[in-house]
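> Let me give you the structure first, and then I'll get to my questions.
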Amino acid sequence: MMPNKNSRGPVTTQPTRASGVTTTITTIVRTGGNWSTGLFDVCSDKRVCVCGSLCSLCLECSIASRFGECFCFPLLLGSTLALRVGTRESHKIRGTLCEDWMAVHCCWPFAVCQMAREMKRRPAFQVYEMHTSPPPPFEDALV
């Protein structure tokens, strides 16, 4: 009589690692860098320059909506700083919170234009660096 697969007999063999099978672990790192344009490079994008000159608040509302925030988010106190930090962090741009604060509070229209240019120039999907590492050593978990 053949044993049933569903029978609950004692386990007499332990699972082992199959020979010749390798596993790779891939690490994905988003690339970053500096701002693609300087704070005062307003004329590098004519459309952003005109919109930022005529109504910086309208341009900032557009940036907020691209971030998925409420269109009126820029009307809140401190929202420009939050948007700038969010832009810098999402694109892995080098910088500090102090630099962001200085740009927003000392050069507000220029900071808004720089964020708009950055979101326009950086692709929605970032370039990734791929690293493959060897599999971890096999350790018998069941001893």
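The values are calculated or read from the model by the stated rules, or taken from the named source; none is laboratory data. Predicted model, so just to flag it, every value in this text is computed and none were measured. Glycine gets a Cβ as well: all are built from the backbone with ideal geometry, and neighbour counts include every protein chain shown. When the accessible area is computed, the model is the full protein with side chains, heavy atoms only, and any ligands, DNA or RNA have been set aside. Shrake-Rupley method; radii C 1.70, N 1.55, O 1.52, S 1.80 Å.
> Could you check, for the range 107-128, whether at least one of its residues is open to solvent by less than 70 Å² (accessible area, probe 1.4 Å), in a helix (DSSP H, G or I), within 13 Å of W35 (Cβ to Cβ) and without any contact (Cβ under 8 Å) to a residue 60 or more places away in the chain?
Scanning the range 107-128, I find at least one residue that is open to solvent by less than 70 Å² (accessible area, probe 1.4 Å), in a helix (DSSP H, G or I), within 13 Å of W35 (Cβ to Cβ) and without any contact (Cβ under 8 Å) to a residue 60 or more places away in the chain, so the answer is yes.
> Continuing with this model, one more query. Please note which helices (runs of 4 or more DSSP H) are completely contained in the range 33-98 and include at least 3 residues that are within 11 Å of M115 (Cβ to Cβ) and in contact with a Pro (Cβ under 8 Å, 6 or more places away or on another chain).
Where helices (runs of 4 or more DSSP H) fall fully within the range 33-98 and carry at least 3 residues being within 11 Å of M115 (Cβ to Cβ) and in contact with a Pro (Cβ under 8 Å, 6 or more places away or on another chain), they are 56-66.
> Consider A124 carefully, then state whether it is under 18 Å from the mean Cα position of the chain (by Cα) and modelled with pLDDT under 90.
yes
> Continuing with this model, one more query. Would you please list the contacts, defined by Cβ atoms under 6 Å and residues six or more apart or on different chains, that run from a residue in the range 87-105 that is touching a residue at least 24 places away in the same chain (Cβ under 8 Å) to a residue that is of a type in the set (K, R)?
H91/R122; K92/R30; G95/R88; V104/R84
> Tally up the residues in the range 68-106 that are open to solvent by 70 Å² or more (accessible area, probe 1.4 Å) and either of a type outside the set (A, V, I, L, M, F, W, C) or under 20 Å from G33 (Cα atoms) (or both), please.
10
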